[in-house]
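The block underneath contains the structure these notes are about, expressed in structure tokens.
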Amino acid sequence: MAKLELRDLNKTYTPTSVPVKDLSLSVEEGEFLTLLGPSGCGKSTILRLIAGLEQPTRGQVMIQGRNVSSLEPGERNIAMVFQSYALYPHMTVHENIASGLKLRKLADSDIQQRIAETAKFLGLEDLLDRKPSQLSGGQRQRVAVARALVRRPDVFLLDEPLSNLDALLRERVRAELKQLFSAQKAPVVYVTHDQTEAMTLSTKVAVLYDGNLQQLDTPQRIYTLPANQFVAGFIGSPQMNLLTVPCQGDYALLDEMKIPLSAGARGQSKVVLGIRPEHVRLSELEDLNSIQGTIYLVENLGMHNLLSVRLKNQPPETLRVLLPTEQTWSGETINLSLSVEHVHWFDANSGKRL
């Protein structure tokens, strides 16, 4: 069974530069893991450590139960798709796809069979005689994937392969990749800073920050049950509202609104309240448990309007509200209520989920 496992993986350049800090995780056969995080979080370094392009300071990279940490990239039976696609400009599509197989000294008949099968699968049959300069961005991306697929690797590694595509093409190719890798058994590790890619492609997401693993879970659980304040603020567009509020007994106080605390949040003097913009609602003026604010910005997102509302509490804070475009309001002053079942609580000091 194909499996990738990272055991206490660490990469230290200097005492103040440690991009990967004792990371442990596994990717099973058929799983698609996305390494997600902001620039500098360590995700590309992790990919390079798996590929053998860099050596770990300590820890192990295990592929199919074998420690490959000291092996050269060519000895690991991995296939990598780069951000730049890394195609040979002087070679045809056919020659680009065949290049890795020839280096492994496969028989010509096996090479031709693998290329034919992969080209048909990816819709490249009519492009095999073209050079990369004659292809669109999406076609070049498919050639890069084809070159990885024909190798039949133990692990697929993809380093931001969609970042050079325009928005419309990225959406189409993303759907193609999801279909493509759902049919593969080898573990896939995908690096991106784009949360839409992570949420739509992955079976598991590893959220990283400053070299540390913040949360490893399914996309849905990361969205609905973020492990800490960083994950809550990083995942979701528009971003989750995060407000520091005082507590009184079993309630948090947001201006005059009393919000029941979860069991884990009780006993705190103050907490961070998290609420996604889609879980803030307009309320009637006579609703006593609501909060009033002033709209100072409206952004039309097509199906929704994103309202930025300045609250009247002290010091004043902003609450962002996502409303369907057909929902209307009058004037700049509005009343808001929160969906209590969708409120998240975080420790005001550590940022951990309460």
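Placing a pseudo-label 7 Å from each Cα along the Cα-to-Cβ vector at LEU225 and GLU29 gives an inter-label distance of 2.8 nm.
Taken as Cα centroids, the stretch 232-291 and the stretch 294-331 sit 16 Å apart, rounded to the nearest whole angstrom. Here's the list of aspartates and glutamates a cross-link from LYS105 could span, going by alpha-carbon distance under 16 Å and ignoring same-chain residues fewer than 8 apart: GLU75, GLU95.
Would you look at the GNM of the chain, springs on alpha carbons closer than 10 Å, and say which of LEU169, LEU47, LEU36 moves the most? Looking only at LEU169, LEU47, LEU36, the biggest GNM fluctuation is shown by LEU169. Sort out for me the Cα centre separation of the stretch 193-212 from the stretch 107-147, rounded to whole Å. Centre-to-centre (Cα) distance: 29 Å.
Listing LYS3, LYS270, LYS43 from fewest to most neighbouring C-beta atoms within 10 Å gives LYS270, LYS3, LYS43.
I need the Kirkwood Rh of the stretch 241-347: take the reciprocal of the average 1/r across all distinct C-alpha pairs and report it in angstrom. Its Kirkwood hydrodynamic radius stands at 14.2 Å. Taking 0.36 nm per residue of separation and subtracting the Cα-Cα distance, full extension of the segment from LYS131 to LYS178 would add 14.3 nm.
Which parts of the stretch 214-246 would a label at SER39 reach, counting a residue when its backbone N lies under 12 Å from a point 7 Å out along Cα-to-Cβ? Output list for this probe position: empty. Karplus-derived 3J(HN,Hα) values for the stretch 60-73, using 6.51 cos²θ - 1.76 cosθ + 1.60 with θ = phi - 60°, are 9, 10, 10, 10, 6, x, 10, 6, 10, 4, 9, 7, 6, x Hz; glycine and proline are entered as x. Straight-line reach from LYS185: taking Cα to Cα under 18 Å and skipping same-chain neighbours fewer than 8 places apart, the lysines in range are LYS3, LYS204.
For the chain, leaving out every one of the GluC sites (Glu not before Pro) that falls in a DSSP loop and has at most 12 other Cβ atoms within 10 Å, the longest unbroken run is 1-255.
Computed over the stretch 4-234, the P(r) tail beyond 23 angstrom holds 49 percent of alpha carbon pairs.
What is the sum of charges, Lys and Arg at +1 and Asp and Glu at -1, for the other residues whose Cβ falls under 13 Å from the Cβ of ALA186? Intermediate values should be presented prior to the final figure.
Working: positive: LYS3, ARG76, ARG151, ARG152, LYS185; negative: GLU28, GLU29, GLU31, ASP154.
Charge balance near ALA186 sits at +1.
Summing charges over neighbours of TYR88, with a neighbour being any other residue whose Cβ is under 15 Å away from its Cβ, gives +3 when K and R count +1 and D and E count -1. The GNM of the chain, with springs linking C-alpha atoms under 10 angstrom apart, assigns the highest mean-square fluctuation among THR218, THR16, THR34 to THR16.
Grab the other residues whose beta carbon is less than 12 angstrom from that of CYS41, score K and R as +1, D and E as -1, and report the net. Could the numbers behind the result be given before it?
Working: positive: LYS21, LYS43; negative: ASP210.
Once all neighbours under 12 Å are counted, the net charge is +1.
Can you list the lysines whose alpha carbon sits under 20 Å from that of LYS312, skipping same-chain ones fewer than 8 residues off? Within the straight-line cut-off, LYS312 pairs with LYS258, LYS270. Of all the options VAL191, VAL245, VAL321, the one that moves most in a Gaussian network model of the chain with Cα springs shorter than 10 angstrom is VAL245.
Here, each number is a calculation from the coordinates, and none is a lab measurement. Bear in mind that the values here come from a model prediction, so they are computed numbers and not experimental data. Note: ideal-geometry Cβ built from the backbone for every residue, glycine included; neighbour counts use all protein chains shown.
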